[in-house]
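The values are calculated or read from the model by the stated rules, or taken from the named source; none is laboratory data. Model, not experiment: these values are computed from the prediction. Cβ placement follows ideal geometry from the backbone for every residue including glycine, while neighbour counts extend to all protein chains displayed.
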Amino acid sequence: MAKPDDARGSAARRIGLLGGTFNPVHIGHLRAALEVTEFMGLDELRLVPSARPPHRQAPQVSAEQRLAMVELAVAGEPRLKVDDRELKRDKPSYTVDTLESLRGELAAHDQLFLLLGWDAFCGLPSWHRWQELLDHCHLLVLQRPDADSEAPEALRDLLAARSVSDPLSLQGPGGQISFIWQTPLAVSATQIRQLLAAGKSARFLLPDAVLAYIQAQGLYSAPHA
């Protein structure tokens, strides 16, 4: 295990993770990723497309197509990367497995930050081995300024013990929770899919390169009778 002095000799890297089906990836995902990257001073933020999301039905487009869209979306933004390890795994996309895998590639003192929306955070008690997440990373919860819901009881003791008010003061490779107040763009993948299925334009809701790919591949269009 790295000693504290080691971190001074080679600066700890700061890496963020944002997972999702990205079906399709859109400007809401990308702005949130970029804003957190800049605010936290991350070296990079990895978008991690899930292959077989345990909590959702399988997307109607292939994993390879969703991966291609995310790669197109982040092209030209060096701080945003694509991590396809969940697409290579022949089992459901459990976040704890992804964190364990990535942590094994990092130095002991590198900081890993998992980004979660408020709804996802509140659903943590239903996640596979959720109590182990903080063994590998810090949690950054993106919460709307107008959010008035409370965390479920199962998370209150964890928050009392592990929450830190200032996300910039998170110490060590993992183990703590902090909140970033963010007003997300009112864009959803569902909205985009509905527009495209109805033959309407989704321009300016997702990068032009992603929209061009969707059109070239004939994705999300209404099925022919």
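Would you be able to tell me the number of residues in the stretch 5-51 that are under 21 Å from A108 (Cα atoms), surrounded by fewer than 19 Cβ atoms within 10 Å (Cβ to Cβ), at pLDDT 95 or above and not basic (K, R)?
3
Please verify whether S62 is farther than 18 Å from T190 by Cα, among the hydroxyl-bearing types (S, T, Y) and either without any contact (Cβ under 8 Å) to a residue 12 or more places away in the chain or touching a Pro at 6+ places or on another chain (Cβ under 6 Å) (or both), treating the condition exactly as stated.
Values: farther than 18 Å from T190 by Cα: no; among the hydroxyl-bearing types (S, T, Y): yes; either without any contact (Cβ under 8 Å) to a residue 12 or more places away in the chain or touching a Pro at 6+ places or on another chain (Cβ under 6 Å) (or both): yes.
Considered against the rule, which asks whether it is farther than 18 Å from T190 by Cα, among the hydroxyl-bearing types (S, T, Y) and either without any contact (Cβ under 8 Å) to a residue 12 or more places away in the chain or touching a Pro at 6+ places or on another chain (Cβ under 6 Å) (or both), S62 comes out as no.
If a residue has to be closer than 24 Å to F121 by Cβ and touching a Ser or Thr at 6+ places or on another chain (Cβ under 9 Å) to count, how many in the stretch 59-86 make the cut?
Summing the residues that are closer than 24 Å to F121 by Cβ and touching a Ser or Thr at 6+ places or on another chain (Cβ under 9 Å) in the stretch 59-86 gives 7.
Could you grab me the full set of residues in the stretch 19-33 that are free of Cβ contacts under 8 Å to residues at least 60 places away in the same chain and in contact with a Phe, Trp or Tyr (Cβ under 8 Å, 6 or more places away or on another chain)? Talk me through it step by step, then tell me what you get.
Here is the first cut: in the stretch 19-33, the residues free of Cβ contacts under 8 Å to residues at least 60 places away in the same chain are 20, 29.
Residue satisfying the conditions is H29 alone.
Looking at L158, L134, L87, which is the one that is closer than 24 Å to E35 by Cα and either of a type in the set (A, V, I, L, M) or in contact with a strand residue (DSSP E or B) (Cβ under 6 Å, 6 or more places away or on another chain) (or both)?
Details: L158 fails: closer than 24 Å to E35 by Cα; L87 fails: closer than 24 Å to E35 by Cα.
Within the list L158, L134, L87, the selection yields L134.
Residue-by-condition table, conditions (1) modelled with pLDDT under 95; (2) crowded, with 17+ Cβ neighbours inside 10 Å; (3) more than 26 Å from Y213 (Cβ to Cβ):
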| residue | (1), (2), (3) |
| --- | --- |
| P78 | no, no, no |
| L87 | yes, yes, no |
| L99 | no, yes, yes |
| L112 | no, yes, yes |
| D119 | yes, no, yes |
| H136 | no, yes, yes |
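So T190 ticks every box in (1) polar (S, T, N, Q); (2) within 20 Å of the chain's Cα centre (by Cα); (3) at pLDDT 90 or above; (4) surrounded by 13 or more Cβ atoms within 10 Å (Cβ to Cβ) but one. Which box is left unticked?
Condition not satisfied by T190: (4).
What are the residues in the stretch 193-225 that are polar (S, T, N, Q) and without any contact (Cβ under 8 Å) to a residue 60 or more places away in the chain, if any?
Kept after step one, since they are polar (S, T, N, Q), are these residues of the stretch 193-225: 194, 201, 215, 217, 221.
Residues satisfying the conditions are Q194, S201, Q215, S221.
Mind listing just one residue for me: the one in the stretch 174-205 that is aliphatic (A, V, I, L, M) and out of contact with any helix residue (DSSP H, G or I) (no Cβ under 6 Å at 6 or more places or on another chain) and, of those, nearest to E35 (Cα to Cα)? Steps first, please.
Filtering the stretch 174-205 for residues aliphatic (A, V, I, L, M) gives 177, 180, 185-187, 189, 192, 195-198, 202, 205.
Now restrict to residues that are out of contact with any helix residue (DSSP H, G or I) (no Cβ under 6 Å at 6 or more places or on another chain): 186, 189, 192, 195-198.
Details: A186: 16, A189: 19, I192: 22, L195: 27, L196: 28, A197: 30, A198: 32 Å.
Here the residue is A186.
Residue-by-condition table, conditions (1) surrounded by fewer than 19 Cβ atoms within 10 Å (Cβ to Cβ); (2) within 28 Å of C122 (Cβ to Cβ); (3) free of Cβ contacts under 8 Å to residues at least 40 places away in the same chain:
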{"site": "S163", "(1), (2), (3)": "yes, yes, yes"}
{"site": "L170", "(1), (2), (3)": "no, yes, no"}
{"site": "G174", "(1), (2), (3)": "no, yes, no"}
{"site": "I177", "(1), (2), (3)": "no, yes, no"}
{"site": "P184", "(1), (2), (3)": "yes, yes, no"}
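Has the stretch 90-113 got any residue that is without any contact (Cβ under 8 Å) to a residue 40 or more places away in the chain, touching a strand residue (DSSP E or B) at 6+ places or on another chain (Cβ under 8 Å) and among the hydrophobic types (A, V, I, L, M, F, W, C)?
No; the residues of the stretch 90-113 include none that is without any contact (Cβ under 8 Å) to a residue 40 or more places away in the chain, touching a strand residue (DSSP E or B) at 6+ places or on another chain (Cβ under 8 Å) and among the hydrophobic types (A, V, I, L, M, F, W, C).
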